[in-house]
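Encoded as structure tokens, the structure appears first; notes follow it.
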Amino acid sequence: MTSPIDAEGGSAKDRDNAAAYWKENVKLLAILLSIWFAVSFGFGILLVDVLNQFSIGGFPLGFWFAQQGSIIVFVILIFVYAARISKIEKRYGVGDQ
Amino acid sequence: MDTQALTYLFVGASFALYIGIAIWSRAGSTSEFYIAGGHVPPIANGMATAADWMSAASFISMAGIIAFSGYDASVYLMGWTGGYVLLALLLAPYLRKFGQFTVPDFIGERYYSRVARVVAVICLIIISFTYIAGQMRGVGVVFSRFLELPIAWGVVVGMGIVFFYAVLGGMKGITYTQVAQYCVLIFAYLVPAVFISFMFTGNPIPQLGLGSAGVDGVTILKRLDGALVDLGFTAFTDGTKSKIDLFAITLALMVGTAGLPHVIVRFFTVPKVSDARKSAGYALVFIALLYTTAPAVGAFARLNFIDSVHEKTYAAAPEWVKTWEDIGLIAWTDKNADGVIDYGPGAPFEGRPVFSEARGAHGERLLSNPATINANEIFVDRDIMVLANPEIAALPGWVIALVAAGGVAAALSTAAGLLLVISTAISHDLLKKTFRPQITEKTELMAARLSAVAAILVAGYLGVNPPGFVAQVVALAFGLAACSLFPAILMGIFFKGMNREGAVAGMIGGLFVTLSYIIYFKSPWFGAVNTADHWLFGISPEGFGVVGMAVNFAVAFGVSRFTAPTPGAVRALVDNIRMP
């Protein structure tokens with residue numbers, strides 16, 4: 001384990017940088033988790049009856065989101081997070097790559 | 001070669017592969033035993049996580065659940081995949097940065113408390129044993145059906161194999177065996193699905209085949225909906241569960257998945273924080289391959305089942321109906337004495353089938369269960385759908401053998417992952433970190449191996465003598481993870497002000513609420529009626545972990561406001577894990 005000193009023990013500038021990075025990370029998480037919520041709980045459960053009036057590739061749309069679409073979006077969300085957060089890390093000069 | 005010989009060959013070859021890997025990847029240190037030395041590449045870890053996660057339930061039972069409950073089964077599809085988003089975004093990278101061996105390690109250090117660590121260990125052990133009993137049983141069922149061994153012998157063979165690579169290789173052995181097991185299980189799942197989708201629709205991709213049109217020009221889903229409604233069932237694409245219950249179960253399964261110790265610990269094995277994120281993404285790709293195929297497998301199986309048995313005479317019923325009847329997972333009771341199988345909604349008779357030794361007028365096994373008044377005459381255990389599917393679709397013998405090897409791989413890989421977290425919790429969290437801090441690394445490694453042996457024996461016993469109560473409460477594993485471990489870890493990372501008193505009170509409060517509710521409805525002791533009219537807020541025991549989680553958060557924040565603030569060193573630890 002690395003020493004805990006490097007976050008709190010650093011200069012005021014380092015601390016500001018860390019706080020700004022964290023704020024941006026939390027903002028990104030909030031956006032991605034809203035999408036996570038919308039495709040599964042929104043389209044797959046709450047709005048399923050409305051969406052089932054439309055169809056996609058032979059599936060009622062709401063049913064498709066519940067059994068296929070949400071899973072595909074979940075995969076995309078994780079890779080988008082990995083890519084976006086490493087860009088943010090580079091901008092703040094933190095991270096492991 | 002006949003199917004049985006092929007099955008011996010496939011299962012035997014896969015066992016030889018696992019043992020070979022185990023010998024090649026022996027663990028020499030506690031770090032190798034607990035977290036494979038932290039050197040697992042992200043893609044390999046993704047595959048291992050997928051195999052670790054996809055159990056006998058995913059491989060054998062899920063498509064059957066979808067076949068018989070249609071849209072309602074979406075809770076499992078979304079719940080067991082959506083949890084990986086929470087894991088990748090909220091937990092895995094930070095736990096990797098923290099960088100020790102176990103989940104109780106994090107909870108113990110973050111909340112500077114032995115009590116918190118021990119509470120976490122207790123949750124972990126209950127969750128893992130609940131889960132593992134089902135895996136050993138799964139191995140037993142596959143052996144008894146395909147190799148015609150008694151279930152108990154199947155369990156013993158499974159224990160022997162897991163013993164070999166889990167005790168010898170620890171996490172290192174398990175990781176690379178799981179990579180091999182993933183390949184076996186996904187191949188075994190996809191091959192019959194592709195065959196069947198192609199046979200029905202001409203489209204070999206099951207995910208697309210489900211929405212495609214069959215020979216009659218009607219889409220498979222429409223045909224299935226129509227056939228079910230004609231028989232008096234709810235349409236496949238409609239559900240019967242209330243929205244609030246769907247919502248609660250899905251959320252409980254997602255949060256529970258993210259809080260399962262044997263899944264979390266896999267992210268301690270990759271080299272870097274960024275690898276932990278990527279590896280969660282790969283894991284979900286590998287899982288999604290099976291999970292998006294399952295609805296197609298379920299729908300085709302249901303349609304096939306209706307086509308092959310409904311309004312057919314027993315004498316003319318296909319061979320597989322009789323083989324599965326012989327091992328008691330299909331049963332037919334000829335209520336109107338016309339020799340024809342009638343299929344419809346409702347149970348054909350009360351309870352699980354109890355066979356008398358005699359055969360009926362048409363050669364069927366006679367039952368002693370009292371018949372029900374509805375028209376349905378056929379009982380089918382939904383767990384057989386994936387295993388029987390290749391036979392139902394009359395696929396070649398090698399496909400059946402492959403499915404048997406895949407089912408065993410799915411059960412063994414999950415069992416091994418669970419055994420490892422149990423043994424680690426005992427040797428590392430209880431011995432080294434709580435009761436005997438003076439032991440050397442060598443002793444700790446020996447203790448880890450011995451506790452793995454003990455855990456295998458307990459798991460095997462539970463597999464041979466499954467306690468009816470435990471079999472009913474798989475919900476318990478997810479509920480417990482959702483109401484205790486997940487909130488404690490989440491608050492540990494995102495709320496610097498969360499202190500020891502708050503976290504411990506929160507975990508205990510969440511556990512108390514969830515356990516009481518599940519035990520009240522699921523155990524035989526209170527005589528509670530487990531139906532929607534009696535549930536609190538209309539939430540079933542399966543979804544109640546969500547309420548437990550809310551209680552955990554509320555209690556934790558309440559208590560932390562009135563108790564001593566988090567010490568400076570712990571605040572620094574939180575700042576540190578937040579930086580990749």
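Assorted remarks:
- When the residues of the stretch B:537-556 are filtered to those that are without any contact (Cβ under 8 Å) to a residue 60 or more places away in the chain and either more than 26 Å from the chain's Cα centre (by Cα) or part of a loop (DSSP other than H, G, I, E, B) (or both), the one that is surrounded by the fewest Cβ atoms within 10 Å (Cβ to Cβ) is B:Ala554.
- Residue in the stretch B:92-103 that is more than 13 Å from every other protein chain (Cβ to nearest Cβ), more than 28 Å from A:Phe43 (Cα to Cα) and buried (at least 24 other Cβ atoms within 10 Å of the Cβ) present: yes
- Meets criteria (outside any helix (DSSP H, G or I), closer than 28 Å to B:Ala88 by Cβ, in the same structural domain as B:Gly108 (by TED's automatic domain parsing) and at pLDDT below 90) for B:Thr566: yes
- Note on the stretch A:82-96: among residues that are at the interface with chain B (Cβ under 9 Å from one of its Cβ atoms) and either of a type in the set (A, V, I, L, M) or over 17 Å from B:Met579 (Cβ atoms) (or both), the one that is surrounded by the most Cβ atoms within 10 Å (Cβ to Cβ) is A:Ile85.
- Leading residue by the ranking (nearest to the other protein chains (Cβ to nearest Cβ)) among those in the stretch B:104-115 that are in a helix (DSSP H, G or I) and surrounded by fewer than 23 Cβ atoms within 10 Å (Cβ to Cβ): B:Glu109
- From the list B:Gly83, B:Gly79, the one residue that fits, being facing chain A (nearest Cβ under 10 Å), within 15 Å of the chain's Cα centre (by Cα), of a type in the set (Gly, Ala, Ser) and crowded, with 24+ Cβ neighbours inside 10 Å, is B:Gly83.
- Counted residues, the stretch B:498-513 - those being in contact (Cβ under 8 Å) with a residue 60 or more places away in the chain and not basic (Lys, Arg): 9
- Residue list for the stretch B:287-322, restricted to those being of a type in the set (Ser, Thr, Tyr) and within 14 Å of chain A (Cβ to nearest Cβ): B:Tyr291, B:Thr292, B:Thr293
- Here B:Ala48 clears all of (1) small (Gly, Ala, Ser); (2) surrounded by fewer than 21 Cβ atoms within 10 Å (Cβ to Cβ); (3) in contact with a Ser or Thr (Cβ under 6 Å, 6 or more places away or on another chain) except the condition numbered (2).
- The helices (runs of 4 or more DSSP H) found wholly in the stretch B:213-283 and carrying at least 3 residues that are at pLDDT 90 or above occupy B:243-258.
- Of the residues making up the stretch B:557-580, those that are more than 14 Å from chain A (Cβ to nearest Cβ) and either farther than 30 Å from A:Val26 by Cβ or surrounded by fewer than 20 Cβ atoms within 10 Å (Cβ to Cβ) (or both) number 8.
- Filtered residues of the stretch B:209-240 (kept if at the interface with chain A (Cβ under 10 Å from one of its Cβ atoms) and not aliphatic (A, V, I, L, M)): B:Gly209, B:Gly211, B:Ser212, B:Thr219, B:Lys222, B:Asp225, B:Phe236, B:Thr237, B:Asp238, B:Gly239
- Those residues of the stretch A:12-24 which are more than 8 Å from every other protein chain (Cβ to nearest Cβ), surrounded by 13 or more Cβ atoms within 10 Å (Cβ to Cβ) and under 15 Å from A:Arg84 (Cα atoms), in sequence order: A:Glu24
- Residues of the stretch A:42-52 include none that is assigned to a loop (DSSP other than H, G, I, E, B), in contact with a helix residue (DSSP H, G or I) (Cβ under 7 Å, 6 or more places away or on another chain), at the interface with another protein chain (Cβ under 9 Å from one of its Cβ atoms) and farther than 29 Å from B:Ile205 by Cβ.
- Which listed residue is on the phi > 0 side of the Ramachandran plot, in the same structural domain as B:Leu485 (by TED's automatic domain parsing) and either surrounded by 20 or more Cβ atoms within 10 Å (Cβ to Cβ) or in a helix (DSSP H, G or I) (or both), from B:Gly138, B:Gly170, B:Gly160: B:Gly170
- Residue match in the stretch B:71-83 (condition: outside the structural domain of B:Thr323 (by TED's automatic domain parsing), of a type in the set (A, V, I, L, M) and under 25 Å from B:Ile422 (Cα atoms)): no
- Selection from the stretch B:144-156 of residues that are assigned to a helix (DSSP H, G or I) and either touching a residue at least 40 places away in the same chain (Cβ under 8 Å) or more than 21 Å from the chain's Cα centre (by Cα) (or both): B:Ser144, B:Arg145, B:Phe146, B:Ile151, B:Ala152, B:Trp153, B:Val155, B:Val156
- Residue, farthest from B:Phe247 (Cα to Cα), within the stretch A:25-50, restricted to residues that are free of Cβ contacts under 8 Å to residues at least 24 places away in the same chain and surrounded by 20 or more Cβ atoms within 10 Å (Cβ to Cβ): A:Val48
- Failed item, numbered, when B:Val513 is tested on (1) more than 30 Å from B:Tyr112 (Cα to Cα); (2) part of a helix (DSSP H, G or I); (3) touching a helix residue (DSSP H, G or I) at 6+ places or on another chain (Cβ under 7 Å): (1)
The values are calculated or read from the model by the stated rules, or taken from the named source; none is laboratory data. Remember, it's a predicted structure, so these values are computed and weren't measured experimentally. No Cβ is skipped: glycine too gets one built from the backbone with ideal geometry, and neighbour counts run over all protein chains shown.
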